[in-house]
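The values are calculated or read from the model by the stated rules, or taken from the named source; none is laboratory data. As the structure is a computational prediction, the values presented were derived from the model and not from experiment. Virtual Cβ from ideal backbone geometry, glycine too; neighbours counted across all protein chains shown. Just the protein is used for accessible areas: all its heavy atoms, side chains included, with ligands, DNA and RNA removed. Shrake-Rupley method; radii C 1.70, N 1.55, O 1.52, S 1.80 Å.
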Amino acid sequence: MCCSVEIFKNECVAEFDMTEKQPVYILPENVSRTLGRDAQRNNILAAKIVADIVKTTLGPKGMDKMLVDSAGNIVVTNDGVTILEEIQLEHPAAKMIAEISKTQETEVGDGTTTVAMLAGKLLENAERLLDKKIHPTVIIKGYKLSAEKSKEFLREISSDVDNKHILKQIAMTAMTGKGAEGNREQLANLIVGALDQVGNTRVIDLNTIKIIKQKGGAIDDSELVQGIVIDKDAANEAMPKKSENANILLVDFALELKNPETETKISVSTPEQLQQFIASEEYALREMTQKIISSDAKVVFCQKGIDDVAQYYLAKSGIIAYRRVAKSDMEKLAMATSGKIVSSLQEIRKEELGFATIVEQIKKGDDVMTYVRGCKNPKAVTILLRGSTDHVLDEIERAVKDGLGDVAAAVRDGKVVSGGGAVEMELARRLRAFARTLGGREQLAVEEFASALESIPEALAENAGIDPITLMAELKQRHESGGIRDGINLFSNRVEDCLAAGIVEPMRVKLQAISSASEVATMILRIDDVLVASGHKTSMIPKSSYEGMD
Ligand code: ADP
Ligand code: MG
């Protein structure tokens, strides 16, 4: 039986030096400690709870969650990683699961629910083996073997991305079941169009695609802008609202006179002297703007501030100027307009300028946005999302990001797999066959790994109100008889070749999910001692919650 050592106030863990009978203090006061089987159970239960939280959101028929934070802000979402980030988990093992979901998001941009569920299920299944007195190191070995084998099998069963239509299907699959579902075809076109414009190689930098949200209008009004849209108005009302065939200057220094580095006093004794001082400042600013005017720039984007006097001179010459533009926008503007970001007045030359057919400010509702469009072969573009409320816009943005991540991942590897649980079923079948070739007890762990993979189609069915037992039997039988791409199509509610039905996912999403989930599961299984410092908010699950589970 397991044991736990609780350390109460003013007591420390002590070991006795047998000769002197003096306590030897090892840990500071008030450290709470959970040991052995207790530690494992506690962690496994936490991981399972996290997996169960996101489980109901999986797939096209998954439900959404409404999350309200302490300030009353509301988020309605279906996105695994967003849920796990928003609920601010305290338990250390739960946090580890949330972390792999985040890694999945940053590495591939999708599959965040899948990875959390897989990790939870791997641990839940491991518990069954622990109960049978199988040592954690054996389970860990079996899981590692399974993850390696799964990656090998994934490569075998994946298909090539051989046409553009598949990319659109990937984007549409990623957006199924999200707030954007009704408009997924149109949004998929925007995603594929954007990636097509910015990526000429297999490596696509998603930072070159700006997503901007504008409240008002319908999702239908969302568009792909061949250039950059920035959430800003010109620096001065007197500046024009529109400029055509505009040369664009990008500067990252302030168009102001430098403030003296140390405090400086200027004494003037006559009004003439003051006049002279002001005139000299004005002269310097005029010189500065003259340099811009003579470079033939019609629009200026400045990363820092622009002095009022400089604004006046620029406006007088019909130049539109923007101040305090975000660095990320400056970089995107440079890529879109083929201009260079200039760092000093001396460097301002015509050759450094970018170009756009139209730069215009458009007011919609209360917001003014500036569109820089009609760039020649832009290497950065903008997807402008429209929607009725902020909540709708946020959820569409998450869906579009999933779509972008998935299509970029598919382009990178050139490999896709069949969705609707098909790939998980096939991996499970192959793993079970592989398990039979193993001697030892690892065989049991490989089988549990396979069953964890099967929990994905099971959850897809459950969330859609389909009886999982009948479905799983049918899926297993189909895969046994060679239907390697057969999954559950939740549009037609039929078991069929999901790849052919257009339910397509990038291989990378599955690769990443399997390796992260097995890594975190094995890491958690290796823990047999949890020490929590006093004052830390982390609450381990009370022992009473899992006692008697044997
Ligand atoms: P994740 O955060 O893991 O990406 P999702 O809620 O996006 O979770 O669900 C992804 C799962 O939904 C994948 O397993 C995918 O194959 C499946 N899926 C997507 N569209 C369909 C569909 N039309 N029918 C069945 N399964 C689908
Ligand atoms: Mg998804």
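Across the stretch 106-129, which residue is surrounded by the fewest Cβ atoms within 10 Å (Cβ to Cβ) among those that are under 13 Å from the mean Cα position of the chain (by Cα) and more than 9 Å from ligand 1 (Cβ to nearest atom)?
Here the answer is Thr106.
Would you be able to tell me the number of residues in the stretch 137-154 that are within 16 Å of ligand 1 (Cβ to nearest atom) and surrounded by fewer than 24 Cβ atoms within 10 Å (Cβ to Cβ)? Steps first, please.
So the first thing to find is which residues in the stretch 137-154 are within 16 Å of ligand 1 (Cβ to nearest atom), and the list is 150, 154.
From the residues that got through so far, the ones that are surrounded by fewer than 24 Cβ atoms within 10 Å (Cβ to Cβ) too are 154.
Residues that pass the stated criteria total 1.
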Contacts under 7 angstrom Cβ, first residue in the stretch 103-121 being free of Cβ contacts under 8 Å to residues at least 60 places away in the same chain, partner in a helix (DSSP H, G or I) and open to solvent by 10 Å² or more (accessible area, probe 1.4 Å), 6 or more apart: Thr112/Glu105
Qualifying residue in the stretch 188-201 (condition: in contact (Cβ under 8 Å) with a residue 40 or more places away in the chain, within 16 Å of ligand 1 (Cβ to nearest atom) and buried (at least 22 other Cβ atoms within 10 Å of the Cβ)): yes
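Is it true that some residue in the stretch 60-77 is away from ligand 2 (no atom under 16 Å from the Cβ), open to solvent by less than 10 Å² (accessible area, probe 1.4 Å) and at pLDDT 85 or above?
no
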Residue that is surrounded by the fewest Cβ atoms within 10 Å (Cβ to Cβ) [pool: residues in the stretch 456-487 that are closer than 12 Å to Val423 by Cβ and among the β-branched types (Val, Ile, Thr)]: Ile484
Selected residue [of a type in the set (A, V, I, L, M), surrounded by fewer than 24 Cβ atoms within 10 Å (Cβ to Cβ), over 24 Å from Ala410 (Cα atoms) and within 16 Å of ligand 1 (Cβ to nearest atom)] from Ile134, Ile166, Ile157, Ile87: Ile87
Flag for Asp160 being more than 24 Å from Val446 (Cα to Cα) and touching a Gly at 6+ places or on another chain (Cβ under 7 Å): yes
Subset of the stretch 416-437 [within 16 Å of ligand 2 (Cβ to nearest atom) and not hydroxyl-bearing (Ser, Thr, Tyr)]: Val416, Val417, Gly419, Gly420, Gly421, Ala422, Val423, Glu424
Conditions (1) closer than 27 Å to Leu499 by Cβ; (2) at pLDDT 95 or above; number of the one not met by Tyr143: (1)
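Select, from Gln311, Gln275, the only residue that is polar (S, T, N, Q) and free of Cβ contacts under 8 Å to residues at least 24 places away in the same chain.
Unique residue meeting the criteria: Gln275.
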Hits in the stretch 489-524 - residues which are crowded, with 21+ Cβ neighbours inside 10 Å and either in contact with a Pro (Cβ under 6 Å, 6 or more places away or on another chain) or among the acidic types (Asp, Glu) (or both): Leu490, Glu505
Pairs where the first residue, in the stretch 36-64, is among the acidic types (Asp, Glu) and the second is within 12 Å of ligand 1 (Cβ to nearest atom), C-beta under 7 Å, 6+ apart: Asp64/Thr57; Asp64/Thr77; Asp64/Asn78
Single match in Ala321, Ala356, Ala326, Ala334 (criterion: over 30 Å from the mean Cα position of the chain (by Cα) and closer than 30 Å to Ala171 by Cα): Ala356
Evaluation of Ala71 against (1) without any contact (Cβ under 8 Å) to a residue 24 or more places away in the chain; (2) touching a helix residue (DSSP H, G or I) at 6+ places or on another chain (Cβ under 9 Å) (one fails), failing number: (2)
Leu453 being within 26 Å of the chain's Cα centre (by Cα), open to solvent by less than 10 Å² (accessible area, probe 1.4 Å) and away from ligand 2 (no atom under 16 Å from the Cβ): yes
